[in-house]
Each structure stands twice: as C-alpha cells, then as structure tokens.
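Shown next, in structure tokens, is the structure this report addresses.
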Amino acid sequence: MLNPADLLTSFDPETGVIDGALRSERCLSDLRGIFHDADAYAAALADGDPLVYYTYAVEPADGPGDLYYAIGTILPGRIGDEYYMTKGHLHTWRPAAEFYIGLRGSGLMLLEDEATGESHLVPLEPNGAVYVPGSTAHRTINTGDEPLTYLGIYPARAGHDYAAIAERGFSTIVTCVDGRPVARRV
Ligand code: PAN
Ligand code: ZN
C-alpha cells in the first residue's frame, strides 16, 4: 500500500499548481520548429523568451498497473496568428491511452492517428473530458484569452516520445481568423 500522503493530491484549478509536485516549464525557445510562421517565431523570441506553458506531474507509483497524472497550464498568446500550444507527443509505449479533463479556460486538443494520419480537433473545456486513444499524437492548444488548465491521467509506463512527431509534424494547424480558431491542413 502507498503511503497515505500519496493517496490524496490538492490542486488549484485556477493556477494549475499542485503543491509538492514536480514542475516543468516550456518557454518559447523550447518550442523551436513547432509554429508555422518562422518569421513571427524569430520576432517573438528576439523580443524575449516568454513562458508558454508549465506542468505539475504526480508519479505516485510505477508498477505495471499504476497511473501518473499531470496538470498542464498553457498561457494565452499567439505566434503570428497561431495560438500558444504544447509541443505534442506520442507515448513511448504506444498502446497507452490518456484521459484529459478541462479545468479552466477554453482550448482544443489536436489528435492525430500515427498509422493513418487522420486528425481530429476536440474541444477542451471545464466540465468536458477528452479520451486520447493509444498510438495517437496529441497536442493541446489554448484558443482563449485566459490560461487553459487541464488534468491528464495516463499509464505510469506511457513515456513521452517527442522525436517521432517532431520529425513528421502535425498535419493541421489552428490559427486565429477574425478572433476565432480556424483549422487548416498543412
Ligand atoms: C500531458 C502533457 C502536457 C505537456 O501531461 O505532457 O500537456 O505537453 P507536452 O508533453 O507535449 O509538452 C500528457 O499528455 N502526458 O502524457
Ligand atoms: Zn500524453
């Protein structure tokens, strides 16, 4: 049995902070190559290196049936006309699915089947949950004007494979057109 202290987590749905959890941050300089407009990326970087998103991860146990979870918070912003978003990844252990629950703000999840390249955009909002099947690249996009905060729950053995999707890229981008998100194949 786990230590009782590992059975309960308190988090703040406004800030996405989990006390005592492992925080990691991605600044604009960590996201080279993911935004479509290279000139806008270079200009934004020259202007500073803003924080784009942060996560707090909890890893209570790592046995074969165990789960990890993390809260992610993407700040509002755009590079050119493309919204702030996560790097995106596949799970190293491809069968690993993930369950996302929206806590604050409004955004989209871009889900792309690794085998077929078929992609879907699914809303991520408070009171909504998104199921990410195995072998599906996933990226989270903040289309609102406040932070987007969400909870993701995944198998402890899932792992993060950033290289596979970085190499081929996602096939869809989401840009702001007349104040609204519009998807475009690239
Ligand atoms: C999430 C993501 C989180 C950050 O916890 O790790 O949204 O996105 P990137 O990992 O793509 O930078 C998750 O999907 N875990 O498996
Ligand atoms: Zn994941």
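Worth pointing out:
- Top-ranked residue in region 155-179 [being more than 12 Å from ligand 2 (Cβ to nearest atom) and small (Gly, Ala, Ser); ranked as nearest to ASP62 (Cα to Cα)]: ALA156
- Some residue of region 152-160 being away from ligand 1 (no atom under 12 Å from the Cβ), of a type in the set (A, V, I, L, M, F, W, C) and under 15 Å from the mean Cα position of the chain (by Cα): no
- Residue within region 156-175 that is at positive phi and surrounded by fewer than 20 Cβ atoms within 10 Å (Cβ to Cβ) present: yes
- Exclusive hit being of a type outside the set (Ser, Thr, Tyr) and modelled with pLDDT under 95, set ALA166, ALA97: ALA166
- Filter result (within 16 Å of THR172 (Cβ to Cβ), surrounded by 18 or more Cβ atoms within 10 Å (Cβ to Cβ) and over 13 Å from the mean Cα position of the chain (by Cα)) within region 101-120: GLU112
- Any hit, region 110-117, residues being in a strand (DSSP E or B), at pLDDT 95 or above and in contact with a Gly (Cβ under 9 Å, 6 or more places away or on another chain): yes
- The set of residues in region 93-131 being within 15 Å of ligand 1 (Cβ to nearest atom), under 19 Å from ILE34 (Cβ atoms) and in contact (Cβ under 8 Å) with a residue 60 or more places away in the chain consists of LEU108, LEU110, GLU112.
- A single member of PRO126, PRO147, PRO133 is touching a Gly at 6+ places or on another chain (Cβ under 6 Å) and surrounded by fewer than 17 Cβ atoms within 10 Å (Cβ to Cβ), and it is PRO126.
- Those residues of region 66-100 which are outside any strand (DSSP E or B) and more than 15 Å from the chain's Cα centre (by Cα), in sequence order: ASP66, GLY80, ASP81, THR92, TRP93, ARG94, PRO95, ALA96
- Residue check, ARG32 without any contact (Cβ under 8 Å) to a residue 40 or more places away in the chain, under 21 Å from VAL186 (Cβ atoms) and of a type in the set (D, E, K, R): yes
- Single match in THR92, THR140 (criterion: surrounded by fewer than 18 Cβ atoms within 10 Å (Cβ to Cβ), on the phi < 0 side of the Ramachandran plot, β-branched (Val, Ile, Thr) and within 13 Å of ligand 2 (Cβ to nearest atom)): THR92
The values are calculated or read from the model by the stated rules, or taken from the named source; none is laboratory data. Being a predicted model, the structure only gives us computed values, none of them experimental. Methodologically, a virtual Cβ is constructed for each residue, glycine included, from the backbone with ideal geometry; neighbour enumeration extends over all protein chains shown.
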